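Structure first, commentary second.
Each reported figure results from applying straightforward, stated rules to the coordinates on display, with no laboratory input. This is a predicted model, so every value here is computed, not measured. Because the Cβ atoms are built from the backbone with ideal geometry, glycine has one as well, and the counts that use them run over all protein chains shown.
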Amino acid sequence: MTSSAQRRESPPVAALDPAAGPAPRLDSLTGLRWIAAFAVFLSHVSTLLPIPHTDAVFAMGSSGVTFFFVLSGFVLTWTYLAGDKASRFYGRRFARIWPLLAIGVLIPLLLQLPDAPDGQSGTLIKIAVSGVLLYQAWVPGWILGGTSPVTWSLACEAFFYAIFPFLAKYTLRRSLRWLGWAAVVLVLVGWGIKIWLWQAYPPTLRPSFTGMDGLIFGTYSPIARVWEFLLGMVAAAAVRKGWRSPLGVRSASALLVAGLFVLWLLRDETWRQYVLFDALGQVTAPLYILLVVAVAQRDIAGGTSWLRTRPMVALGEWSYAFYLLHFTVLFEISSSVFERKSIMEFYMRPVVPDWSNAGWALLALVITTALCALLHQFYERPAELWLRTRIGRRSPRIPPPSSQSTATAPATRRAESSTAPKE
C-alpha cells in the first residue's frame, strides 16, 4: 500500500505531447549524475588505492555506468520533440560529448606513452584513435586495453545515439501496456545475455585469458548494453504518457539499497569475484530506472530535493569531465606511490589495502573535481555552445512552444546535455 507521504511525493503526471514544446526541467537527475560518477570513482579506488574493508562495497560503484546508460535513454526520450531532424540531433550529441572526449583520450595517452612497454606504443595510439572516433567498444581487444579504461562507454553511447532518432518516435506512439511489457522483456534480455555468458565462460576465481575477447565483448559492447539504454527510453515514454510509478523516492531508494545489500551478501560467490562475470548491471538497471522515474516525478510536481540544490547541480554538470578524467588522476597518483608503470600491473600485482591510501584517494578526488570545474567552465561548455549553434540547432519546423514552455527552453538544453557518461 502506498503511504500518504509517497502520494504527496509523486502526484499524477500529465501526458506530455512530443509536439507540445520543451519538457519540464529535471534538475534532480543532474544531481544524481554526480553520485553515479562518484560511485565509479570509488570502484577504481578499490583497484588503484585500496582501502581496508571497502572493496566489496566500492566495487559495486562500477554499476554507475549502468545508471548512465539508463539515464541517457530516459533523458533523451524525455526531451524529444516531434519533427526534430536526426542530423541536428546527432549534431547536438557530437557537441555534447566529443570535445571533452578528445581531451579525455589525449591526456592519459601523453602521460603514459613514455612508460609504454616496448612495441606497445603503436597499439596504445590505435586504441586512442578508436576512442576518439567512437568505435573502441566494437573491438574486444581494445575495450579495456587503452590508457583510459572508461572511454569504451562513449562508443556505446555513440551507438545508442545512432539508433535513437529511429526508435524515439515509434516508442512514444506505443500504449502503456506495450511499454510495460517492453520493460519486462528488456530486463529478461539483460539476464539472458549474462546467463549465456555464464554458460559460455563458466565463472572461476582465476579466469584464464583464453577466449576472453568473447567475454569482454559480451559484457562491454554496445550490443551487450543497449538493453539498458532502451529500458530508460521505455520508462521515459511511459512517464510522458502520464504513467505514475507507485514508488516514491524514498521507496525506490530503499529498494535500490536492498538490492545492493543482497549483492554485498553474495560478495564471495564465484560469479561476483570477477567483474566480467558479475551480474551487477542486471540487478541494478531496473532498480535505477525506478529511482529515476520517482525522482523525475517529484521534480515534475515541483517537490523540493537536495539533489536540485546549486552545489549538486554544479557537480552534476561537471560529472562528465569527472567521469572521463578521474581514472587518469587516480592512476598517476597511485603509479607514483607504488612505482607501477602500467595499468595492467595493478591487476596482475594487486596493491595491499592500507588506510593511508584514503588520503591519496581524497587528494585524487580534490584534484579531479577542481580540474573538471575548470574544464567545464572554460572548455566543455564554450565548445558545446559553439558547436550547437552550427550543427545542433533544433529543426525550425517544430511547433513553437507556448509562453510557459518558452520559459523552460534553456532548461531543456541543460537536461538533454546531461545524458552522456558522465557515464
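Descriptive notes on the structure:
- With a Förster radius of 30 Å applied to the C-beta separation of LEU113 and VAL352, the computed FRET efficiency comes to 0.60.
- Set of aspartates and glutamates with alpha-carbon distance to LYS85 below 18 Å, sequence-local pairs under 8 removed: ASP17, GLU416
- Around the Cα centre of the chain, unit charges on the Cβ atoms of Lys, Arg, Asp and Glu (plus for the first two, minus for the last two) sum to a dipole of about 1900 debye.
- Karplus-derived 3J(HN,Hα) values for the range 161-175, using 6.51 cos²θ - 1.76 cosθ + 1.60 with θ = phi - 60°, are 4, 4, 8, 4, x, 7, 9, 4, 4, 5, 4, 5, 8, 7, 6 Hz; glycine and proline are entered as x.
- Set of lysines with alpha-carbon distance to LYS194 below 21 Å, sequence-local pairs under 8 removed: none
- Table column - 3J(HN,Hα) (Hz), the range 301-313, Karplus curve with 6.51, -1.76, 1.60, x for Gly and Pro: 7, x, x, 7, 6, 5, 5, 9, 5, 4, x, 5, 5
- A crude spin-label estimate for the pair VAL275 and GLN377, with each label 7 Å from Cα along the Cβ direction, gives 3.2 nm.
- Mean ellipticity per residue at 222 nm, deg cm²/dmol - from DSSP H runs of n ≥ 4 across the chain, formula -39500 (n - 2.57): -21500 deg cm²/dmol
- The ALA370 and MET212 beta-carbon pair, evaluated with R₀ = 30 Å, returns a calculated FRET efficiency of approximately 0.20.
- The value obtained for the chain, namely the Cα convex hull volume divided by the number of residues, is 141 Å³ per residue.
- Put the Cα centre of the range 122-195 next to the Cα centre of the range 284-328 and the gap is 21 Å.
- In this simple spin-label model, placing a label point 7 Å from the Cα along the Cα-to-Cβ direction at both ILE223 and THR304 gives a separation of 5.1 nm.
- Each of GLU332, GLU345, GLU317 was scored by other Cβ atoms within 10 Å of its Cβ. Arranged with the fewest first, they read GLU345, GLU332, GLU317.
- Three-way shape label, the range 167-308, alpha-carbon gyration tensor, a/c 1.5: oblate
- For GLY248, no residue 5 or more places off, or on another chain, has a built amide H under 5 Å of its own.
- Ranked packing of 101-109, 348-356, most packed first, by mean Cβ within 10 Å: 101-109, 348-356
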